[in-house]
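See below for the structure under consideration.
Every number in this text was worked out from the coordinates using simple rules, so none of it is lab data. Because the structure is a prediction, the values reported are computed rather than measured. All Cβ positions, glycine included, derive from the backbone under ideal geometry; neighbour counts span all protein chains shown.
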Amino acid sequence: MAFPLSSAIISYKHSLNVSITPSFPKLSFLPTQFVLCSNQLPSKGPARPARPRIHCLSKKILSEELADRHDFPTNFYLSICRHEVKKLESLIAVILLSIQISSPLPLVGWDSLSISPATAVLYSPDTKVPRTGELALRKAIPANTNMKTIQESLEDISYLLRIPQRKPFGTMEGNVKKALKIAVDEKDSILASLPTNLKEKGSTLYALLIDGKGGLQALLESIKDKDPDKVSVGLASSLDTVAEIELLQAPGLSFLLPKQYLNYPRLTGRGIVEFTIEKGDGSTFSPEAGGELRKTATIQVVVDGYSAPLTAGNFAKLVIDGAYDGVKLNCTDQAVLSDSRLDKNGYNVPLEIKPSGQFEPLYRTTLNVQDGELPVLPLSVYGAVAMAHSEVSEEYSSPYQFFFYLYDKRNAGLGGLSFDEGQFSVFGYTIVGKDILPQIKTGDVIQSAKLVEGQDRLILPNES
C-alpha cells in the first residue's frame, strides 16, 4: 500500500542454521531469536525482525598439554573422563536445542537464550491486546475514570476464565466486589458525568448494572456457584452495560484536533456502516443457520471517531456520498480490499494512530511496536477495518481505499501481534458478518454502503 494492500503477499520461509563446536570444559550459548514464518503485508515501515535462525555455538577453549606425559595411568584416566564429559556436553546441547525447536520459549534462568529487548513485545506471549473488535471498541471509549476502573476490574476476569481446570474463583469474586463497591460508592460521580438529556437513560442502565439480571450482583452469585459458563455469560452482560454507560458519558471528542486538520470531515463519536455484498460471478453465500443460500450478505462495521476522528470522518462522508456503491473487492490471504480507484475521491487524511495510554492520536507517524508502543485500535483483530496507505506517501492514508484485515495468528508473532501492527490507520471493526469475510472473493461487489448510525456525530468542513 503505497503500497496498495492489493500488492502481492510476500512469503518468508524458515531457515535453521545450527553450528556446534565441541569444547571442554564449558558449553555456552549465544543469544537466540525465534521468528514465526509469516505472510507479511508489504510495508516501508520499520525494519522487520530477522529471518528465523537458531544459533547454538560453544566457546573454543584451548587446552594445555599434560605436564607429565610419563604418568600414563593418570593421563589415561583423565583422557577417558574428558571424553565422557564431551559426550555429555554434546547430549545436553542436543536436548536444549530440541526443547527450543519444539517450544520456542526462553528457558528460565538462561539469560543468554532470552529474546532481545527490541523484539520483546512482538514475541511476548504475555502481550495483552484486545482479541475481539468488541473488546477493542470498549477499551477505546473515553469515559468517567470510575467506570474505567470498573471495566478493567471486570475485564481481568476474562483472563482468569482462560485458566484451565482449577479456575481462581476467589480472585474473580474479589474483582466483582471491587467493581461493585466503586459503583455504589461513586454513584453520584458516575451519574454526574452524564449529559442532562441522557441522565434518565443512564440511571436506568446504572440500576441494571447493580441489580439487573445480567448485573454485578447476579455475576457474584454465578462466581459463588463456581459455574464458568454462567460466569462468562454474566460477565459479558455486565461489560455490555458498562460500555453503554460509558458511551453516554462520552458525547464527543476528549481532545482538540490540530488546527491544520480542522478543515477535514470528522466523526466525533461512534457510527455504524452497513455493507451489502453480492457475488460477482452469480454464486451465493453460505446460508445462515437453518436458512437458504443467499445472493447477498450483510456486513456491519462500527467506526470509531473517538480514536480516529479524521479517518472515520472521511470514510463516513464517502459512504454518505455513495462512493463505495458498486465498487469491486479484491482479496489476498490477509485482506479484503476495496478497489483502488473510485469515481469520488475523499480527503488526503494523514496517518492517524492513537497510542494506548495517550489522550490524542499521533499524525503522520507509525508506532514502534517493538519498543512497546501499542495502538488503542489494534490491527491484530480479525475483521479490523483500516485505510490503505497513500500511493504518494506512507505518512498519509489513501483518500478512498480501505480494507478488512483477515488476522491470522499463524502469521503473527508469539504475542499475537501482526507484523504490520502500528503501521495503518485502523478506524473500526466488523461486528456483524465476520463469517462473510472469508467467503468474499476477488470480483465480488459492494452493492451498497450506508451510514445507519452516527450521522449526528459527523461534522463536515462547512459545518465547523
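Sparse packing (at most 13 other Cβ atoms within 10 Å of the Cβ) combined with a DSSP loop state is found for the following trypsin sites (Lys or Arg not before Pro) in the range 155-192: R162, R166. Loop-only trypsin sites (Lys or Arg not before Pro) in the range 286-366, please: DSSP not H, G, I, E or B, and at most 16 other Cβ atoms within 10 Å. Within the range 286-366, the qualifying trypsin sites (Lys or Arg not before Pro) (loop, at most 16 other Cβ atoms within 10 Å) are K295, R341, K344, R364. Model label points for T298 and A192, set 7 angstrom from Cα along the Cα-to-Cβ axis, are 4.2 nm apart.
The local environment of V426, defined by Cβ-Cβ distances under 11 Å, has a net charge of -3 under the rule Lys, Arg +1 and Asp, Glu -1. Between E152 and Q358, the C-beta separation translates, for a Förster distance of 25 Å, into a calculated FRET efficiency of about 0.90.
Ordering of 232-242, 251-261 by packing is 232-242, 251-261, highest average first (other Cβ atoms within 10 Å, averaged per residue). Straightening the chain between T204 and K181 buys 6.4 nm, computed as 0.36 nm per residue apart minus the Cα-Cα spacing. In a simple Cβ point-charge model (Lys, Arg +1; Asp, Glu -1; nothing else charged), the range 361-420 has a dipole of about 220 debye relative to its Cα centre. With the cut-off at 27 Å, tell me which of the pairs K199/K226; K181/K213; K187/K317; K317/K354; K279/K344; K201/K354 have Cα atoms farther apart than that. Pairs exceeding the cut-off: K199/K226; K187/K317; K201/K354. What you get for the range 132-258, charging only the Cβ of Lys and Arg (+1) and of Asp and Glu (-1), is a dipole of about 240 debye around the Cα centre.
Legend: calculated FRET efficiency, Q455 to D281, from the Cβ-Cβ distance at R0 = 35 Å, rounded to 0.05, equals 0.55. Let a ≥ b ≥ c be the square roots of the eigenvalues of the Cα gyration tensor of the range 186-293; is it rounded (a/c under 1.5), or, if not, prolate (a/b larger than b/c) or oblate? Since a/c reaches 1.5 but b/c is at least a/b, the shape of the range 186-293 is classed as oblate.
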